[in-house]
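Worksheet for the structure shown next.
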Amino acid sequence: MTKSPLTELRGALKDGSKTPTSVAHDVIACANANASRNTYLHFDGDALLAQARGLEEKYAGVADKPSLYGIPISLKDLFDLEGTVTSAGSKDYAAQKVPATEDSAMAKRLKSAGALITGKTHLHQLAYGITGQNPDYGNCLQPRDAGLLTGGSSSGAVASVQEGSALAAIGTDTGGSIRVPAALCGLAGYRASRALAYAAGPWPASSKGLWAGAVELARSFDTPGFFTRCPGDLTPIAHALFGLDPGLAPIAPRIGFIDEVFLHDADADVLAAFRAFREMMRPVSTFEAPFFADAREICAGIQAHEAAAVHQGAAPFGEHFEASIAQRLTWGSGISSDELAVLRARHGMFRAQVAGLFAQYDFLVLPASPLSRLFATEDQTETRVRILRYTTPFSLAGTPVVTLPGELIGAPLGTGVQIVAPAGEDAALLAFVGAFG
């Protein structure tokens, strides 16, 4: 088996054939390589080189360097980075804000692990979209195919790994914002258990956990995560960033693949890849989940209500954000306490039903997106609803999910599947998917 990108770079940094400064020069050479030239919303080559030299000085002569020493990792522009403005994908917000005076908890954790933060990446406005389109900063195109959108909202994050300017990329996932771009762009993507984001953890103490110094969208569903090229690189990065100890996968895992009735709207290549994964993972069973049909309605209402509260200072929303986002925020601000109580009760029942599935299975599998390609020239108005049917069930459940790219098994670009574990079983999930490469 060939070495993973993380193992290779760690080895080169250890034997001296690479240095943080040479890594920084490599990053500069390929940053913003997509046709839309917008992988990063903030990129400063001189600051990156200074950061690299600072790492070299700080750890000169230190034998046991931090686990992510010199590893280039990009940061979604929802997290504060000292000296930069956090735009949340909105030029209006960027114009109103001043540069951050300190790092977010996530940036602090990256730096303490020795990572080289390459820059702050493009995102769908407010992280409230799934396509990677943005009227302020341009639509994010895939570096490997200028005719395709990356998907979102962690659009620049996934593009940074695809173009090679980052070995890993920090993203967020509320309704599918890591899982979908990972599938569309042929990468591995890890959405952490929601509880992990707010745990005490090895980061600065705060009631917001890893969201301290970051712009939230909907606290009931928000969770951080990241992209890599290789599934095997997910575990060591999760250990460095989240303090997640490596785990063991079940010896004979009970794996459930969703019944194909659910996949009635999936593209032919997505369905073919799903079947190929099923053959590879046998023995498996088939599960049905008719209650998944309730997920989008429950998620949409709670998400809109919480997002409106986060961004209430921008009301009336239509003056600041694209029309579809403004409409959702306006709707969310008008949801009554009684309506919200009903949605939260339904949310609780939904979580219980998902827990019931995990009484039977260790892992669940279904496509991350019914579409394998989002063409940049086509109208994507209906895309959001179609994709979210596949992703929101596990947003509601708060479970960890890893997207495995279809290309891992020889399927076409864009055909990734979601591997889902029970809430809190992140380590077992990462151990399981790590065996695939």
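The values are calculated or read from the model by the stated rules, or taken from the named source; none is laboratory data. What you are looking at is a predicted structure, and each value in this text was computed from that prediction instead of being measured. In this analysis, Cβ positions are derived from the backbone assuming ideal geometry, glycine residues included, and neighbour counts consider all displayed protein chains. Side chains are part of the model used for accessible areas, which takes the heavy atoms of the whole protein and leaves out ligands, DNA and RNA. Shrake-Rupley method; radii C 1.70, N 1.55, O 1.52, S 1.80 Å.
Put T381, T131 in order of accessible area, highest first, and with a 1.4 Å probe you get T381, T131. Remark: accessible surface ordering of E319, E260, E8 (largest first) is E319, E8, E260, probe radius 1.4 Å. Two numbers describe the Cα atoms of the range 269-398: Rg and Dmax, which are 17.7, 54 Å. For the range 72-159, just say rounded, prolate or oblate: build the C-alpha gyration tensor, square-root its eigenvalues into a ≥ b ≥ c, call rounded for a/c under 1.5, and beyond that prolate if a/b exceeds b/c, oblate if not. Here the range 72-159 falls in the oblate category. Close amide H pairs (under 5 Å, H built 1.01 Å from N) link R254 with D362, F363, residues at least 5 positions away or on another chain. Return the subset of K3/K65; K14/K120; K14/K76; K58/K208; K18/K111 for which the Cα-Cα distance in this structure is over 24 Å, preserving the input order. Listed pairs above 24 Å: K14/K120; K14/K76; K58/K208. A probe of 1.4 angstrom, applied to the heavy atoms of all protein chains, finds H25 with accessible area near 100 square angstrom. The residue among A295, H320, A266 whose Cα reaches farthest toward the positive pole of the charge dipole of the range 255-332, with charges on the beta-carbon of Lys, Arg, Asp and Glu, is A295. Here the dipole of the chain is about 620 debye; that uses its Cα centre as origin and unit charges on the Cβ of Lys and Arg (positive) and Asp and Glu (negative).
Any idea what % of Cα-Cα pairs in the range 113-184 are farther than 18 Å? Pairs farther apart than 18 Å: 30 percent. Shown are E322, E57, E82, whose ranking by accessible area with a 1.4 Å probe and every protein chain present, most to least, is E57, E82, E322.
Taking max minus min of the alpha-carbon positions on each principal axis, the chain gives extents of 58, 53, 44 Å, largest first. Taking only the C-alpha atoms of the range 344-409, Rg followed by Dmax gives 14.6, 44 Å.
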